[in-house]
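Asks: Handing you this structure, nothing more for now.
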Amino acid sequence: LMGDSIEFWKDLMSHPTYDAFWQARNTRNFVQHISPDIPTLIVGGLFDAEDCYGAWNLYKAIESKTKNNNQIVMGPWFHGQWGAHDGSYLGNVQFGSNTSDWYRQNIELPFFNYYLKGKGSVDAIKEANIFFSGANEWKQLPAWPPANSQPQPMYLQPNGKLGFTDAAAGTVNSFAAYTSDPAKPVPYTEDVHLGRTREYMTDDQRFAARRPDVLVFKSDILTEDVTLGGVVTADLLVSLSGTDADFVVKLIDVFPDDFAYATPGRSNYEMSGYQMLVRGEVMRGKFRNSFEKPEAFVPNKPTQVKFALPDVAHSFKKGHRIMIQVQSSWFPLVDRNPQKFTDIYQAKDSDFQPATIKLYHHASKVILPVLK
């Protein structure tokens, strides 16, 4: 529809890998030009549908060059929600207070008053000012990721179990399988929309859990809070009948069957069994080792696919469960993979083919940044 007339679209089509075109446009490659004397406040949203990656990683890139006057704020917001919107909810999920107003009054206003007008103080603005969903509280921390964040694997076990112990150790032949069909992709939301929504970032994932092309792994009911702060890493051992596939990993908070938000003055807001998307990310399989040099899969050969999800600040409360969903499409949020190793921008209809995906339990896990 646009390819004949819009130059930027043609540029995208001409650069399907992380080549010089994209490297020249990567902000993180130029942070060395930021003066350490200039105060920098990085602000972003935990649930920013446009760019959930950028704020976290721009902050880290600047920190790698200079640690002077570089601070980060991450609230439970969609893109720009901190500016002029009520930050007390997103979609069905509530955060307990107007987080946007708190930010404006306690961070934004003091920051600009001090650095632009020479008034007041910024002592109350810490290095990392992070809202933790689930617990629904701000944490003001001396560093991000927090010093007490420790990597802890959760294993994708047989029979859809998810646990902190490797129940499949030594069982190299144990796997779960599904068929990914580009003609029947997994949608990113249950609803029908004319445009991409921002609320999908906290949407209920029960619609996906019911599909045969989505693997579901669920923990036992938690006996204590599990709080995450930092990067989640997906580490999968997979094989596929084709030569390429996408791998979407979703981290989900499963609410108790009797959960409801208290709503003073009216009936409580029932959320029983809600499967809240906390974080999701996709890895196009051919880029598993390099975004510059794509590699085909060898059909039916077990292959490691390991990738990071954007940072998480979330508390899974006692009585909840942790869930992981694995799938190979997320349409139309992510364009369909033909599941054949090719330049997808130039793929023909005949290139799109179903593929059988196997995930091997003994070597598949997610590594969670658990706060101790």
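The values are calculated or read from the model by the stated rules, or taken from the named source; none is laboratory data. None of the values given here were measured: they were computed from a predicted structure. Glycine gets a Cβ as well: all are built from the backbone with ideal geometry, and neighbour counts include every protein chain shown.
Asks: Taking the conditions exactly as written (of a type in the set (Asp, Glu), over 24 Å from the mean Cα position of the chain (by Cα), over 30 Å from Asn337 (Cα atoms) and in a loop (DSSP other than H, G, I, E, B)), does Asp37 satisfy them or not? Reasoning before the result, please.
Replies: Details: of a type in the set (Asp, Glu): yes; over 24 Å from the mean Cα position of the chain (by Cα): yes; over 30 Å from Asn337 (Cα atoms): yes; in a loop (DSSP other than H, G, I, E, B): yes.
Answer is yes for this residue.
Here is a yes/no grid of residues against (1) closer than 16 Å to Ala49 by Cα; (2) in contact with a Ser or Thr (Cβ under 9 Å, 6 or more places away or on another chain); (3) crowded, with 22+ Cβ neighbours inside 10 Å; (4) in contact (Cβ under 8 Å) with a residue 12 or more places away in the chain:
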position	(1), (2), (3), (4)
Gly285	no, yes, yes, yes
Lys293	no, yes, no, yes
Phe297	no, yes, yes, yes
Thr303	no, yes, no, yes
Phe307	no, yes, no, yes
Ser315	no, yes, no, yes
Gln325	no, no, yes, yes
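Asks: Quick check: anything in the range 118-140 touching a Lys or Arg at 6+ places or on another chain (Cβ under 8 Å), assigned to a strand (DSSP E or B), of a type outside the set (D, E, K, R) and free of Cβ contacts under 8 Å to residues at least 24 places away in the same chain?
Replies: yes
Asks: Please tell me if Gly170 is modelled with pLDDT under 95, assigned to a loop (DSSP other than H, G, I, E, B), touching a helix residue (DSSP H, G or I) at 6+ places or on another chain (Cβ under 9 Å) and loosely packed, with under 14 Cβ neighbours inside 10 Å.
Replies: Numbers: modelled with pLDDT under 95: yes; assigned to a loop (DSSP other than H, G, I, E, B): yes; touching a helix residue (DSSP H, G or I) at 6+ places or on another chain (Cβ under 9 Å): yes; loosely packed, with under 14 Cβ neighbours inside 10 Å: yes.
In short, yes.
Asks: Now a separate question. Only one of (1) over 27 Å from Met271 (Cα atoms); (2) at pLDDT 95 or above; (3) in contact with a helix residue (DSSP H, G or I) (Cβ under 7 Å, 6 or more places away or on another chain); (4) not hydroxyl-bearing (Ser, Thr, Tyr) fails for Asp181. Which number is that?
Replies: Just one mismatch for Asp181, condition (3).
Asks: May I pose another question? Quick check on Asp101: is it at pLDDT 95 or above, among the acidic types (Asp, Glu) and not assigned by TED's automatic domain parsing to the domain that holds Thr202? Outline the logic, then answer.
Replies: Working: at pLDDT 95 or above: yes; among the acidic types (Asp, Glu): yes; not assigned by TED's automatic domain parsing to the domain that holds Thr202: yes.
It is true that Asp101 is at pLDDT 95 or above, among the acidic types (Asp, Glu) and not assigned by TED's automatic domain parsing to the domain that holds Thr202.
Asks: Residue check: is Leu222 among the aliphatic types (A, V, I, L, M), touching a His at 6+ places or on another chain (Cβ under 9 Å) and not in a helix (DSSP H, G or I)?
Replies: Answer is yes for this residue.
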